[in-house]
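One structure is given below, encoded as structure tokens.
The values are calculated or read from the model by the stated rules, or taken from the named source; none is laboratory data. As the structure is a prediction and not an experimental result, all values here were calculated from the model. Here the Cβ positions follow ideal geometry from the backbone for every residue, glycine too, while neighbour counts run over all protein chains shown. Ligands, DNA and RNA are excluded from the accessible area calculation, which covers all protein heavy atoms including side chains. Shrake-Rupley method; radii C 1.70, N 1.55, O 1.52, S 1.80 Å.
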Amino acid sequence: MDNLILSNLKVLLRSTPEEWLAATDGTVTLVTGTDAEHDAEWLERHFGSVFTTIHAFPNYTMNDGVLKYVDKIVAEGSYRRIIAMSEADVMRAALLRERHGIPGLTWDQALHMRDKYLMKQPLKDLGIPVPGARKVRSALDVTDFIADVGYPIVLKPVCGAGSTHTYVIETEQELDDLLERGYFSGFIVDKMPVLLAEEFIHGQQYRVDGFYADGKCQYITVARLIGTNLEFLSGRHFANALLDAGSELSKEITSFARNILENALPFGPEGMFHMEVWQRPDGEIVFGEVGARLGGISIFEENRFGFEVDYKMAAVRALCGLGTPNWPSAAELQKRFAGHVVISPQAGFLASVPKTCPFEWVVDYKCKPAGKRYTLMRGSNDEVAVIMVTGSSEEQVEKRLQEAAQWFYDTAVWSE
């Protein structure tokens, strides 16, 4: 009996064929995407010996035909688990599980891990701090919400991904400018849009990542976010730095996250998760949002450098029924501090870019090729460069992340 993995191309390529084979033992049918450099023939040459079958689709994230085709595969086969690796696959996998009686998150359960309004309701019932939020369908709903909570607010799609179409509105003029550009009208097809207005939380943002298997938390870590996704989308950079896993703050956030996953949301618990939380200036931890999938950008690589374990592949192996890692706590696993900075492309021609990074504390550096024209990102998943650093403390890592970002800005050459 095979397992079925749904994964966009980027998540697939961030691990080697050898790593995928070690995690799956040849028990997996793969459904993934293609692009200009990686067509179906390329995937077969590089990954054909890893997966029993590869089904590849263009425009994978937005291609509604993926679900139709995979439904036929599942109906004709026999699958133990359907594993969703990326945001686009969470609801696809849920529909297929429910339709074919395969264990795992059903549609209603998975929706609690996608709908940014719905996921907060059971938390509120348990007294877990969440930002004030309201579904909004028009400019009038937004102005009513602002009358209740004041500025600033956040506007976002209820089931958005990658911070696309997300805005922090700090003044009435900013709201008027956004409305003039047709923010609501742009979402209307044949029915009124459903968007989310949310209270802006002042404070420090953190992320929590890991996975559950065999009914318990197998791995969980916390990192501080430096900058914001919205700054990243507007052409700057965005950094993450692992916390000391033995610190009181890390333990507090870990406990907060586990309470949500184990007691508030219908998570299972089984699968990978990526959660964002805030700490207000008075120390209160506030829930942001959570997804039932692998964290984006280079989160699992950062964990690999900091803890010397590959939780992505360990999660895949466990969810394929091939055994859990039986690791000690993150505090015991942590070998060093690590972080990464992702730099967004400019709107222009990348004339030249450094091929190597001169700092001995940079452990990984990847950059898109020069000699090409780039545009500003639409979502927070198409960076032009990633720089991974390590250090002896959280403070040293954060300083090095800023230094690495500045080095890239000083050396990359953009032109019109």
| query | Got a sec to turn the phi values of the range 326-333 into Karplus ³J(HN,Hα) couplings, 6.51 cos²θ - 1.76 cosθ + 1.60 with θ = phi - 60°, whole Hz, x for Gly and Pro? | reply | 6, 7, x, 5, 4, 4, 7, 6
| task | For LYS135 and TRP407, calculate 0.36 nm times their separation in residues minus their Cα-Cα distance, and state this gained length in nm to one decimal. | result | 93.7 nm
| request: Decide, for the range 27-110, between rounded, prolate and oblate: order the square roots of the alpha carbon gyration tensor eigenvalues as a ≥ b ≥ c, take rounded if a/c falls under 1.5, and otherwise choose prolate if a/b is larger than b/c, else oblate. | output: prolate
| said: Charges at C-beta only: +1 for Lys and Arg, -1 for Asp and Glu. How large is the resulting dipole of the range 1-111 about its Cα centre, in Debye rounded to 20? | reply: 300 debye
| note | Sorting SER78, VAL386, LEU322 by the position of each Cα along the dipole of the chain (Lys, Arg +1; Asp, Glu -1; all at Cβ), the one nearest the positive end of that ordering is SER78
| In debye, nearest 20: dipole of the chain around its Cα centre with unit charges on the Cβ of K, R (+) and D, E (-)? | 740 debye
| task | Can you spot the lysines whose alpha carbon is less than 25 Å from LYS120's alpha carbon? Ignore those fewer than 8 places along the same chain. | result | LYS135, LYS156, LYS191, LYS216, LYS251
| query | So, with +1 on the Cβ of K and R and -1 on the Cβ of D and E, and no other charges, what is the size of the charge dipole of the range 201-295 about its Cα centre, to the nearest 20 debye? | reply | 180 debye
| remark: The percentage of the accessible area of the chain (probe 1.4 Å, all protein chains present) made up of carbon and sulfur atoms, to the nearest whole number, is 49 percent
| query | With θ set to phi - 60° and the Karplus curve 6.51 cos²θ - 1.76 cosθ + 1.60, what are the ³J(HN,Hα) couplings of the range 202-209 in order, to the nearest whole Hz, using x for Gly and Pro? | reply | 7, x, 9, 9, 10, 10, 10, 9
| message | Give me a comma-separated list of calculated 3J(HN,Hα) values for the range 318-324, in order, Karplus coefficients 6.51, -1.76, 1.60 applied at θ = phi - 60°, integers in Hz, x for any Gly or Pro. | response | 5, 6, 7, x, 9, x, 8
| query | When only Cα pairs under 8 Å and 6 or more residues apart are kept, what is the percent relative contact order across the chain? | reply | 14 percent
| query | Any idea of the accessible area per residue across the chain, 1.4 Å probe, to the nearest Å²? | reply | 44 Å²
| For TYR219, residues with placed amide H under 5 Å, excluding near neighbours | PHE211
| task | Find me the longest stretch of the chain that has none of the exposed trypsin sites (Lys or Arg not before Pro), where exposed means in a DSSP loop (not H, G, I, E or B) with at most 10 other Cβ atoms within 10 Å. | result | 1-180
| message | Springs between alpha-carbon pairs under 10 angstrom, Gaussian network model over the chain: which of LEU196, LEU401, LEU140 fluctuates most? | response | LEU140
